[in-house]
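Note sheet for the following structure.
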Amino acid sequence: MASADELCQQLVQKLSLTEAPLNSIAFASEASVDHQKVVGAVKSLQSMNLIEADQLESKRLALTAEAEQIVANGSHEFLVWSALPAEGGIEQAELTKKINNANVAKLGFSKAMTNKWIAIDKSSGKPIVSRKAADVVDEVQQLLQLVKNNAVDKLSEQQKTDLKKRKLISEITEKSYNVRKSATFTTNIEKPETDITPEMIAKGTWKTKQFKDYNFDAKGIPPECGHLHPLLKVREQFRQIFFELGFVEMPTNNYVESSFWCFDTLFVPQKHPARDLQDTFFLSEPAECGDIPAEYMARIKETHENGGQTGSQGYQMEWKTSEAKKNVLRTHTTAVSARMLYKVGQEYQKQLVSAGGDGGKVEFKPVKFFSIDKVFRNETLDATHLAEFCQIEGVAAGRNLSLGHLMGMIKEFFVKLGIADLRFKPTYNPYTEPSMEMYSWHPGLKKWVEIGNSGVFRPEMIRPMGLPEDVNVLGWGLGLERPTMIKYGIDNIRDLVGHKVDLQMVYDSPVCVLHNDLTKDSASL
Ligand code: FB9
């Protein structure tokens, strides 16, 4: 059986011998292969621009399944005649039993009687069937063989009519192709590439490769339409929850951030391991950021070195501008929170100047911000950790806010996810004090599992921004991947991102509130 590639090769070889068009049905018959396989070869050669093909619609007579049986074994009437002894006869019941097919026996008996091939004698009381013709020609089988060999022109119209009446042949419409050489015809078939590979790019071999054209008419594999990524669906649900709680979304459209906004403004020391290569992606081009607000940078420098105006002693080590200007892929969206809080502080300072420095005349409106976007860490990759993940962060600034406010805000947030039984555990963050991890009970694992982190931002971060002395800032965060993996029952994060995502996951409205979905799932935290 010729393979698809061999069939392509046979087809181009055949074409190379003639200028006349080659019909796919004729070629299939000559090559003794199924016409559909030839059609596949035609499509393949067309995609390589080696041939041109015009589609034809032709009608032809084709055998039915019953006719195929007759070509193989003989007509019904011939089988009945053959089942009779050359001399004498047998009872009709015995004849039927010998044929072992009631339809063949009945139809064959009738046709053989009409052809005077057999006779029946009922004089003895039992019907005895015997041969009347010593020899017969199975004309029906012969005619059907001609049809099978596409030699229909040798049949008379009456013969065709008779075979149609017996439902042994039918007229079918057949699509075939008249194939001819293209301008780029060659018998040297080089399968077109379907993907460009890193090796081709590195070696430059892509320049001489033939690539398969995109078939924009292909319906493609389901889904045959646009589809939201599961992470985006769950992100939308978290966004709705923040909006319900009165939070305003922060602009997170900068994956690249300076170390100044990613670390220094958060009072993360310049020698902190989080700022090393094994944790953070540094950019080589552009390696350094643009301008940093000079006055703010001076206050940050002073705070890091000796605590500045915050009552802190700082880190008692030199703070370098060169370190702060290094560009990184942001490691948390808290960098965005820092930018937003700095703007709020500077706006307050402008109002304070307008009020002649009298803080009593300036109202500080509490602010609540949130962000949900990608962050990047030089992590060891495994089934639950990638070098990038989506961080969810809430931030609130207001006069005299306390840890109690933070716990209450977090409880309000998680109860909308169906998690009412929340526990807090003290922890350490460089930019918040006190800090807490949040835990929820996992009935399946029968243990408390971490579902996020939080804290009160340190004065060393907040004071240099220009916010009023009695304003505190609270923050908490969690990841987007874990809840999404729970919702869709995914164990390996690599099934959630990348080209293997199964978009056939259960599609649901992106606006339904998360706890409708996760309440039942929160047990599977
Ligand atoms: O999301 C996490 N877990 C989680 C969250 C939700 C959930 O189910 C939904 C409720 C139904 C199930 C699990 N974690 C935080 C805990 C772990 O998954 C952890 O292994 C991965 N963490 C990420 C960081 O990893 C390096 C999750 C991510 C994370 C951690 C901390 C913050 C943000 C994201 C933060 C913060 C913060 C702190 C103070 C002030 C401002 C922000």
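Kindly provide the set of residues from the stretch 392-446 that are more than 13 Å from Gly475 (Cα to Cα), of a type in the set (Val, Ile, Thr) and not in a strand (DSSP E or B), ordered by number. Listed by number, the residues that qualify are Val415, Ile419.
When the stretch 305-317 is examined, which residues are found to be farther than 30 Å from His385 by Cβ and either within 16 Å of the ligand (Cβ to nearest atom) or touching a residue at least 24 places away in the same chain (Cβ under 8 Å) (or both)?
Pass one, the stretch 305-317, residues farther than 30 Å from His385 by Cβ: 305-314, 316-317.
If the condition is that a residue be farther than 30 Å from His385 by Cβ and either within 16 Å of the ligand (Cβ to nearest atom) or touching a residue at least 24 places away in the same chain (Cβ under 8 Å) (or both), then Gly307, Gly308, Gln309, Thr310, Gly311, Ser312, Gly314, Met317 are the ones that fit.
Of all the numbered requirements in (1) outside the structural domain of Thr432 (by TED's automatic domain parsing); (2) within 30 Å of Arg239 (Cα to Cα), Pro293 misses one, and that requirement is (2). Looking only at the stretch 457-495, residues that are open to solvent by 20 Å² or more (accessible area, probe 1.4 Å) and under 30 Å from Val353 (Cβ atoms) come to 6 in all. When the residues of the stretch 365-388 are filtered to those that are part of a strand (DSSP E or B) and modelled with pLDDT under 95, which remaining residue is farthest from Gln349 (Cα to Cα)? Among residues in the stretch 365-388 that are part of a strand (DSSP E or B) and modelled with pLDDT under 95, the one farthest from Gln349 (Cα to Cα) is Asp382. Applying the set (1) at pLDDT below 90; (2) assigned by TED's automatic domain parsing to the domain that holds Ala387 to Asn215 leaves exactly one unmet item: (2).
Limited to the stretch 1-17, what total is found for residues that are touching a strand residue (DSSP E or B) at 6+ places or on another chain (Cβ under 9 Å) and exposed (fewer than 14 other Cβ atoms within 10 Å of the Cβ)?
Restricting attention to the stretch 1-17, the residues satisfying the condition of being touching a strand residue (DSSP E or B) at 6+ places or on another chain (Cβ under 9 Å) are 11-12, 14-16.
Add one more test, that the residue is exposed (fewer than 14 other Cβ atoms within 10 Å of the Cβ), and what stays is 16.
Counting residues in the stretch 1-17 that are touching a strand residue (DSSP E or B) at 6+ places or on another chain (Cβ under 9 Å) and exposed (fewer than 14 other Cβ atoms within 10 Å of the Cβ) gives 1.
Looking at the structure I just gave you, is Thr280 surrounded by 10 or more Cβ atoms within 10 Å (Cβ to Cβ), of a type in the set (Val, Ile, Thr) and closer than 24 Å to Gly398 by Cβ? It is false that Thr280 is surrounded by 10 or more Cβ atoms within 10 Å (Cβ to Cβ), of a type in the set (Val, Ile, Thr) and closer than 24 Å to Gly398 by Cβ. Considering the stretch 303-323, the residues that are in a helix (DSSP H, G or I) and more than 25 Å from Ser454 (Cα to Cα) include one that is farthest from the chain's Cα centre (by Cα), namely Asn306.
Condition check: in contact with a Leu (Cβ under 8 Å, 6 or more places away or on another chain) and surrounded by fewer than 16 Cβ atoms within 10 Å (Cβ to Cβ). Does Val256 satisfy that? So Val256 passes the test. For Phe243, the conditions (1) loosely packed, with under 10 Cβ neighbours inside 10 Å; (2) aromatic (Phe, Trp, Tyr); (3) in contact with a strand residue (DSSP E or B) (Cβ under 9 Å, 6 or more places away or on another chain) all hold with the exception of (1).
Quick one: count up the residues across the stretch 441-455 that are open to solvent by 20 Å² or more (accessible area, probe 1.4 Å) and more than 31 Å from the chain's Cα centre (by Cα). Counting residues in the stretch 441-455 that are open to solvent by 20 Å² or more (accessible area, probe 1.4 Å) and more than 31 Å from the chain's Cα centre (by Cα) gives 6.
Yes or no, residue by residue, for (1) within 27 Å of Ile292 (Cβ to Cβ); (2) among the hydrophobic types (A, V, I, L, M, F, W, C); (3) in contact with a strand residue (DSSP E or B) (Cβ under 8 Å, 6 or more places away or on another chain):
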site	(1), (2), (3)
Lys350	yes, no, no
Phe364	yes, yes, yes
Arg377	yes, no, yes
Ala383	no, yes, no
Ile392	no, yes, yes
Gly398	no, no, yes
His405	no, no, yes
Lys416	no, no, no
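For the residues Lys320, Lys301, Lys326, the requirement of being of a type in the set (Lys, Arg), open to solvent by 10 Å² or more (accessible area, probe 1.4 Å), in contact (Cβ under 8 Å) with a residue 60 or more places away in the chain and not assigned by TED's automatic domain parsing to the domain that holds Gly452 singles out Lys326.
In the stretch 417-437, which residues are farther than 28 Å from Lys271 by Cα and either in contact (Cβ under 8 Å) with a residue 12 or more places away in the chain or surrounded by 19 or more Cβ atoms within 10 Å (Cβ to Cβ) (or both)? Within the stretch 417-437, Leu417, Gly418, Ile419, Asp421, Leu422, Arg423, Phe424 meet the criteria. Of the helices (runs of 4 or more DSSP H) lying entirely inside the stretch 195-285, the ones with 1 or more residues being in contact (Cβ under 8 Å) with a residue 60 or more places away in the chain are found at 230-244, 259-262. Return the residue satisfying two criteria in turn: it lies in the stretch 366-393 and is away from the ligand (no atom under 12 Å from the Cβ) and crowded, with 16+ Cβ neighbours inside 10 Å, and of such residues it is farthest from Asp470 (Cα to Cα). Among residues in the stretch 366-393 that are away from the ligand (no atom under 12 Å from the Cβ) and crowded, with 16+ Cβ neighbours inside 10 Å, the one farthest from Asp470 (Cα to Cα) is Lys368.
Scanning the stretch 454-492 for residues that are away from the ligand (no atom under 13 Å from the Cβ), out of contact with any Lys or Arg (no Cβ under 6 Å at 6 or more places or on another chain) and among the acidic types (Asp, Glu) turns up Glu460, Glu469, Asp491. Among residues of the stretch 394-416 being open to solvent by 10 Å² or more (accessible area, probe 1.4 Å) and within 12 Å of the ligand (Cβ to nearest atom), the one that is nearest to Ser454 (Cα to Cα) is Met409.
Can Val39 be described as open to solvent by less than 70 Å² (accessible area, probe 1.4 Å) and outside any helix (DSSP H, G or I)?
When the stated conditions are applied, Val39 does not pass them.
So which strands (runs of 3 or more DSSP E) are wholly in the stretch 53-166 and hold at least 2 residues that are at positive phi and either among the basic types (Lys, Arg) or surrounded by fewer than 17 Cβ atoms within 10 Å (Cβ to Cβ) (or both)?
Details: elements: 89-91, 118-121, 128-131.
By residue number, no strands (runs of 3 or more DSSP E) qualify.
Of the residues in the stretch 260-269, none is in contact with a strand residue (DSSP E or B) (Cβ under 8 Å, 6 or more places away or on another chain), on the phi < 0 side of the Ramachandran plot and of a type in the set (Ser, Thr, Tyr).
The values are calculated or read from the model by the stated rules, or taken from the named source; none is laboratory data. The shown structure was predicted, so the numbers you read here are calculated from the model rather than taken from an experiment. Counting neighbours? That spans all protein chains shown, and the Cβs are built from the backbone with ideal geometry, glycine included. We work out accessible area using only protein heavy atoms, side chains counted, and drop any ligands, DNA or RNA first. Shrake-Rupley method; radii C 1.70, N 1.55, O 1.52, S 1.80 Å.
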